[in-house]
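Down below is the structure, laid out as structure tokens.
FYI, it's all coordinate maths here, none of it is from the lab. Note that the coordinates shown come from a computational prediction; the quantities given were computed from them, not determined experimentally. Cβ placement follows ideal geometry from the backbone for every residue including glycine, while neighbour counts extend to all protein chains displayed.
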Amino acid sequence: MKNKLHIFENLQQTAESVAEILSEKINRKNGFFYLAVSGGNTPKILFETLAERYAEKIRWNKLKLFWVDERCVLPTDKESNFGMTYNALLKHIPIPDENIFRIKGENNPETEAVEYQKKIEENLSFENNLPTFDLILLGMGDDGHTASIFPDNLFLLNVSDIVAVAKHPASGQKRITLTGRIIKNSAEIFFLITGKSKKEVFKQIFDDVKTAENLPSYHIIKATNAEIFADKEVIG
Ligand code: 6PG
């Protein structure tokens with residue numbers, strides 16, 4: 001695997017390391033830093049760390065913040081990725097409202113996917129004829145999904161739209177997600193993977209075995225220089 005693997009003692013230390021790297025990247029960038037973040041547990045700890053330790057250290061007005069995916073719920077719902085980010089981070093830091101580009105999970109999903117794609121195209125610069133983020137933070141589910149690209153909708157890795165509507169395979173919950181082409185076009189990708197429930201799937205990816213081909217995360221990792229930030233429980 002050509003991808004860099006960073007291993008930490010636990011989730012907290014993983015989050016602390018990514019927070020420090022992120023802070024340097026945002027402050028160092030000439031102009032705006034375009035970041036897309038995921039939902040879930042790992043980023044929550046990262047956001048809390050940023051709020052506690054970096055509220056005054058990061059030049060937040062340089063950050064243009066987007067989401068990798070959103071659950072189709074109200075922003076106040078406990079399932080909302082925006083809501084989680086708002087509570088853990090945004091309400092504690094001086095980021096201008098106009099720098100926040102949330103996916104409106106409360107709107108009609110198909111219409112919102114088009115609107116969100118437009119927002120990305122209007123704001124980001126283009127590389128390879130596609131908008132490009134400076135950094136995309138991804139997580140990985142126990143089933144190998146990343147963003148809201150699940151093993152049963154692998155085609156979203158290659159569709160031409162950069163934003164699409166997806167469905168959670170178990171709950172049927174609709175999601176709006178970045179697709180593979182724009183994820184792979186990001187200048188940098190960090191995967192945050194922690195906890196022993198991910199060990200089995202991670203091993204398949206790391207060992208590059210045949211079954212890994214059903215795992216969306218595998219395809220993103222394999223096609224890019226994505227760096228992986230994991231804790232010891234994942235490595236086993
Ligand atoms: C979401 C995500 C999703 C997430 C993984 C890992 O909205 O659920 O963006 O892709 O990154 O499910 O989540 P955890 O960090 O909670 O394990």
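Among Thr85, Thr132, Thr177, which comes first, second and so on when ranked by fewest other beta-carbon atoms within 10 Å?
Thr132, Thr85, Thr177
What does the charge add up to near Glu79, with Lys and Arg as +1, Asp and Glu as -1, over the other residues with Cβ less than 15 Å from its Cβ?
Cβ neighbours under 15 Å give a net charge of +4.
Kindly rank 111-117, 161-167 from highest to lowest mean number of other beta carbons found within 10 Å of each residue.
161-167, 111-117
Run the dipole for the stretch 78-120 about the Cα centre, Lys and Arg Cβ at +1, Asp and Glu Cβ at -1, nothing else charged, and hand back the magnitude in debye, nearest 20.
My answer is approximately 140 debye.
Report the calculated FRET efficiency for Asn87 and Glu20 (r = Cβ-Cβ distance, R0 = 25 Å), to the nearest 0.05.
Efficiency at R0 = 25 Å is approximately 0.65.
Name the residue farthest towards the positive end of the dipole of the chain from the options Ala147, Leu135, Asn107, assuming +1 on Cβ of Lys and Arg, -1 on Cβ of Asp and Glu, about the Cα centre.
Ranked along the dipole, the leading option is Leu135.
Report Rg(Cα)/(2.2 N^0.38 Å) for the stretch 15-139, keeping two decimals.
1.02
Under 5 Å between amide hydrogens, which residues at least 5 positions from Phe191 or on another chain qualify, with H placed 1.01 Å from N in the peptide plane?
Amide H neighbours of Phe191, under 5 Å, 5+ apart: Leu138, Glu227, Ile228, Phe229.
Translational diffusion coefficient, Stokes-Einstein: compute it for the stretch 57-110 using the Kirkwood radius over C-alpha pairs as Rh, at 37 °C and 0.692 mPa s, and state it as an integer in µm² s⁻¹.
279
Can you pull the one-decimal nm distance between simple spin-label points at Lys199 and Asp97, each 7 Å off the Cα toward Cβ?
4.8
For Asp161 and Glu79 in one chain, what is 0.36 nm times their gap in residues minus the Cα-Cα distance, to one decimal in nm?
27.0 nm
Å³ per residue of the Cα convex hull, for the stretch 132-236?
Cα convex hull per residue, to the nearest whole number: 91 Å³.
Estimate the FRET efficiency between Lys29 and Glu115 by the formula 1/(1 + (r/R0)^6), using the beta-carbon distance for r and 25 Å for R0, to the nearest 0.05.
0.40
Compute for the chain: radius of gyration divided by Kirkwood radius, i.e. Rg/Rh, restricted to C-alpha atoms, rounded to two decimals.
Value, to two decimals: 0.93.
Of Lys118/Lys199; Lys167/Lys198; Lys62/Lys174; Lys29/Lys78, which sit over 30 Å apart, Cα to Cα?
Too far apart for the 30 Å limit: Lys118/Lys199; Lys62/Lys174; Lys29/Lys78.
Let's see if you can work this out: charge +1 on each Lys and Arg Cβ, -1 on each Asp and Glu Cβ, no other charges. What is the dipole magnitude of the stretch 104-236 about its Cα centre, in debye to the nearest 20?
260
In nm, to one decimal, how far is the Ile235 label point from the Asn3 one, both placed 7 Å along Cα→Cβ?
With each label point 7 Å from Cα toward Cβ, the separation is 1.6 nm.
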